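**Q** Once you've had a glance at the structure underneath, I'll fire off some questions.
None of the figures in this text is laboratory data; all of them are computed from the coordinates on show. As the structure is a prediction and not an experimental result, all values here were calculated from the model. Cβ placement follows ideal geometry from the backbone for every residue including glycine, while neighbour counts extend to all protein chains displayed.
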Amino acid sequence: DRRQWELDPEELILEQELGSGQFGLVRAGRWREKKVAVKMVKEECMSDEEFKEEARVMMRLSHCKLVQLYGVCTQHAPMCLVFEFMENGALSDYLRARKGQLSQDTMLGMCLDVSEGMAYLESSNFIHRDLAARNCLVSKNNEVKVSDFGMTRFVLDDQYTSSQCSKFPVKWSSPEVIRFCKFSSKSDVWSFGVLMWEVYNEGRLPYDNQTNAEVVESLNAGLRLLKPRLAPTSAYQLMEWCWKEVSAGIYEKR
Ligand code: ADP
């Protein structure tokens, strides 16, 4: 039944622009006394019929470490996706703005928040597919929540769809995702390791002096991201576990 996730546009008030993303403009707003972020989807950017089917599933996902989808307005163009408002914006920007000021407890706490959101997604049999610091948001109380889960499936931009393409997040992707787009909760774990690396490098981009092709080559050679200066050995060990390939070479045998 569509009414469960269809919001009444009369109840939605749009306010200032927050930024723009893959699907178009993002605006602040209000919905039933709640502060919300509204993604206004450009038609040519999203396969919206497929998304409407999936919106029902996504709305059932509810956890304090996930950015909540409240509902969608699909009756008029542009289609609007209404999310929980996150006062402190994207985690990647938040980290860069606070370089040199983040304590060990804070950085570990950020990783813990994300791991809790991701454990919930896995237990719900839901694959994120694009976990990265840019796709996490920070609340008013400086809690980190996971956002944009599953959304890459609805992007209509050829540059995203294959690992050969310029916008594919190769630097966050596991070898089996790069080789044949085999997404799973395990490939989400790989991305989580890269997110931890971003946190402990205060928002630096991974492999920032390498092209995607060079990253693929060094991964194949067994190389990995180096230990961030601020990361304790135990935190780096966790990252390395996220990037373990079980019996390298099993994929080539098929
Ligand atoms: P997309 O994932 O569709 O490419 P983003 O999620 O990156 O778009 O949104 C673009 C920007 O809008 C973000 O960098 C952030 O500043 C802002 N934004 C997105 N969602 C929210 C939210 N729930 N609360 C507050 N700001 C948000």
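**Q** For segment 113-226, what D do you get in µm² per second when you plug the Kirkwood radius from alpha-carbon pairs into Stokes-Einstein at 10 °C and 1.306 mPa s?
**A** Reported coefficient: 108 µm²/s.
**Q** Turning to a different aspect of this structure: If each Cα of segment 31-125 is one equal point scatterer, what is log10 of I(q)/I(0) from the Debye formula at q = 0.13, 0.15, 0.16, 0.24 Å⁻¹?
**A** Computed log10 I(q)/I(0) values: -0.60, -0.77, -0.85, -1.27.
**Q** Moving on. To the nearest 0.05, what FRET efficiency results for Lys182 and Ser234 with a Förster distance of 35 Å applied to their C-beta separation? Let's see the in-between values first.
**A** Details: r = 30 Å, r/R0 = 0.85.
The pair Lys182/Ser234 has a calculated efficiency of 0.75.
**Q** Using the Karplus curve 6.51 cos²θ - 1.76 cosθ + 1.60 with θ = phi - 60°, what ³J(HN,Hα) values do you get for each residue of segment 223-236, in whole Hz, with x for Gly and Pro?
**A** 6, 9, 4, 7, 5, x, 3, 7, 7, x, 3, 5, 5, 5
**Q** How do His76, His63, His128 rank when sorted from fewest to most other Cβ atoms within 10 Å of their own Cβ?
**A** Final ranking by Cβ density, sparse to dense: His76, His63, His128.
**Q** Can you list the cysteines of the chain that have no other Cys Cβ under 4.7 Å away?
**A** Cys45, Cys64, Cys111, Cys136, Cys165, Cys181, Cys242, each lacking another Cys Cβ under 4.7 Å.
**Q** Using the Cβ atoms and a cut-off under 10 Å, what net charge is assigned to the surroundings of Trp190, where Lys and Arg are +1 and Asp and Glu are -1?
**A** Values: positive: Lys186, Lys244; negative: Glu176, Asp188, Glu245.
Result for the local shell: -1.
**Q** Using a Förster radius of 51 Å, what is the FRET efficiency between Leu25 and Thr106 based on their Cβ-Cβ separation? Nearest 0.05, please. Before the final figure, lay out each step's value.
**A** Details: r = 31 Å, r/R0 = 0.61.
Calculated transfer efficiency: 0.95.
**Q** Tell me, in nm to one decimal, what length is gained between Gln75 and Ser162 on full extension, where the rule is 0.36 nm per residue of separation less the Cα-Cα distance?
**A** Length gained between Gln75 and Ser162: 28.1 nm.
**Q** Anything over 28 Å Cα to Cα? Flag those among Lys145/Lys182; Lys167/Lys227; Lys140/Lys182, in the order listed. Kindly include the intermediate steps, with their values, before the conclusion.
**A** Details: Lys145/Lys182 25 Å; Lys167/Lys227 26 Å; Lys140/Lys182 36 Å.
The pairs that break the limit, which is 28 Å between Cα atoms, are Lys140/Lys182.
**Q** Another question, if that's okay. Which value, in Å to one decimal place, does the Kirkwood hydrodynamic radius take for the chain when every pair of different Cα atoms is included?
**A** Details: mean 1/r = 0.0523 Å⁻¹.
Hydrodynamic radius (Kirkwood, Cα pairs) of the chain is 19.1 Å.
**Q** Taking amide hydrogens as modeled 1.01 Å from N in the peptide plane, which residues meet the under 5 Å criterion relative to Gly21, leaving out close sequence neighbours?
**A** Amide H to amide H, under 5 Å and 5 or more residues apart or across chains, Gly21 pairs with Val26.
**Q** What is the angle, in °, between the Cα long axis of helix 185-200 and the longest principal axis of the Cα atoms in the chain? Nearest 10 is fine, range 0 to 90.
**A** The angle comes out at about 80 degrees.
**Q** Between Leu226 and Ile13, with labels modelled 7 Å along Cα→Cβ, what's the label distance in nm to one decimal, could you check?
**A** The two pseudo-label positions are separated by 5.3 nm.
**Q** Which aspartates and glutamates does Lys186 reach when only Cα atoms under 20 Å apart count, and residues fewer than 8 places away in its own chain are ignored?
**A** Straight-distance partners of Lys186: Asp113, Glu116, Glu122, Asp130, Asp148, Glu176, Glu198, Glu240, Glu245, Glu252.
**Q** Ok, one more. Could you run the Karplus curve 6.51 cos²θ - 1.76 cosθ + 1.60 with θ = phi - 60° over segment 77-91 and give me ³J(HN,Hα) per residue in whole Hz, x for Gly and Pro?
**A** 7, x, 5, 10, 10, 10, 10, 3, 7, 10, 4, 9, x, 5, 4
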